[in-house]
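Below is one structure, written out as structure tokens; comments come after it.
We did not get these values from a lab; they are worked out from the coordinates using the rules stated. Just so it is clear, the structure is predicted and the values come from calculations on it, not from any experiment. Heads up, the Cβs are rebuilt from the backbone with ideal geometry, glycines too, and the neighbour counts pull from every protein chain shown.
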Amino acid sequence: MPKKEQMKGPSWSFCCCSQCLLLSAVVNIGKNLLKWRHESDLRSQEFTEESTYGARSTHCALASKKCTVIGGSGFLGQHMVERLLERGYSVNVFDIRQGFENERVQFHIGDLCSKTDLLPALQGVNIVFHCASPAPFSNNKELFYRVNYTGTRTVIQACKEAGVQKLVLTSSASVVFEGKDIKDGTEDLPYAHNPIDYYTETKILQEKEVLGSNDPANNFMTVAIRPHGIFGPRDPQLVPIMVETAKSGKMKIMIGNGKNLVDFTYVENVVHGHILAAEYLQKDSPLCGKAYHITNDEPIPFWTFISRVLVGLNYDAPKYKIPYLLAYYLALFVSFLVLVVSPLITIKPTFTPMRVALAGTYHYYSCERAKKDMGYKPVVSLDKAIEKTVQSYPQLRRASQ
Ligand SMILES: NC(=O)C1=CN([C@@H]2O[C@H](COP(=O)(O)OP(=O)(O)OC[C@H]3O[C@@H](n4cnc5c(N)ncnc54)[C@H](OP(=O)(O)O)[C@@H]3O)[C@@H](O)[C@H]2O)C=CC1
Ligand SMILES: CC(C)=CCC[C@@H](C)[C@H]1CC[C@H]2C3=C(CC[C@]12C)[C@@]1(C)CCC(=O)C[C@@H]1CC3
């Protein structure tokens, strides 16, 4: 809407004959209209230029900017919150713990499996980002099922009850991965019949629930973002595990021939994909009820990525190679031994068939659908992302010997 002063009536000039008055009034109205039009063009230009979120986001961004990030204390969640605040959203965080301090954020601490806990965090909210999950390497099957599956059903019910219009789920590209090569996989690949672990099995159940609940006729729209291998500053998982493995001397051998391409996705790109999805998710948009891969769009050989991060932190890159199948059957054998001795002792092996599969196969995904439907383009290149990540972990850097 034009500002008040731009709406004010025409200003009268010195001659007071009726023709001059009329002429002057028309000229002034014309001038004011042109001025308003020009300023409103500038305003919308400014918005679309400052944002990388495309023209369609204008409507949504102006309509409602109140959101809740479920899992907002976690690695991805914290980055989501920071970017949303920068974009002018008002942000609630719902999480089982408070991961950081920020006076601009309203924290709601609770368990997402409880609707009573959830509802206060969803009042007056238009968009919910659901990026909470138990850690993928946990062995607790019951917890995965309870949080990822039944908990997500509770999130959906609570959203509907609170009148939330958009639900954006953080799923995972692994929902289609069965431990066999995937090259440039699209979202049309079927869900894995034999998911690599129980975490992935429950991510599949979760995604199906969220996409199945899409109901634009009743003003409830859902979309699932499938990132892969998220990394970046403050990640407690990927880089710390790599460094831990290197420190223990177990990072000397590459699994496979070292050529298998994999997606590693910088956290800011993942965040960008989520916000785009939320802003493009409209009643008539193709996003409704669909899944979208979000990657760096620069697949890299798994061992090249590992080596670049390790060398960046002053550790040695792995040098030796072991054939993939040999490593896989060895890991199967280790799992079998662990099972046999499990009544006597509990061992948590690091060398598991699932990890061998992740390290030795191709698994990279096409993000063409996200490019087409929401204008997605990574905002940070892989080179820059690795550089930023390495710099962000001074405490993990090996002192020069
Ligand atoms: N990291 C990766 O490479 C990938 C991750 N994803 C998905 O991205 C999402 C975010 O992952 P990431 O940021 O790495 O995970 P984090 O573990 O860092 O963050 C998840 C957050 O959710 C919280 N949480 C767990 N259970 C509950 C619960 N019952 N109620 C409320 N909050 C809960 C966690 O608390 P606490 O820490 O105490 O458990 C944590 O704060 C997840 O859905 C994951 O499946 C997808 C692809 C790749
Ligand atoms: C050889 C070695 C010790 C490598 C360390 C890197 C791994 C910790 C990561 C390499 C690929 C990553 C990955 C995930 C977790 C961390 C890695 C195994 C996920 C399983 C996280 C959750 C998902 O949704 C899928 C991810 C696939 C890739």
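Summary table
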item	result
Neighbourhood charge, 12 Å Cβ-Cβ cut-off, centred on Q123 and excluding it, Lys, Arg +1 and Asp, Glu -1	0
Residues of the stretch 77-117 with amide N under 16 Å of a point placed 7 Å along Cα→Cβ from N140	95-98, 110-114
Integer Hz, Karplus 6.51/-1.76/1.60 couplings in order for the stretch 318-328, x for Gly and Pro	x, 10, 8, 10, 10, x, 4, 5, 4, 4, 5
Rounded, prolate or oblate (a/c below 1.5 giving rounded, otherwise prolate when a/b exceeds b/c) for the stretch 312-366 by Cα gyration tensor	prolate
Prolate/oblate/rounded label for the stretch 143-222 (Cα gyration tensor, a/c 1.5)	oblate
By average C-beta atoms within 10 angstrom, highest first, the peptides 104-116, 216-228	216-228, 104-116
Violating pairs (Cα-Cα greater than 29 angstrom) within the set K208/K377; K115/K348; K160/K180; K259/K290	K115/K348; K160/K180; K259/K290
Rel. contact order, % - alpha carbon contacts under 8 angstrom, at least six apart, the stretch 89-188	27
Low-density loop positions, trypsin sites (Lys or Arg not before Pro), the stretch 274-310 - DSSP coil, at most 13 other Cβ in 10 Å	K283
Gap separating the Cα centres of the stretch 154-219 and the stretch 324-401, nearest whole Å	21
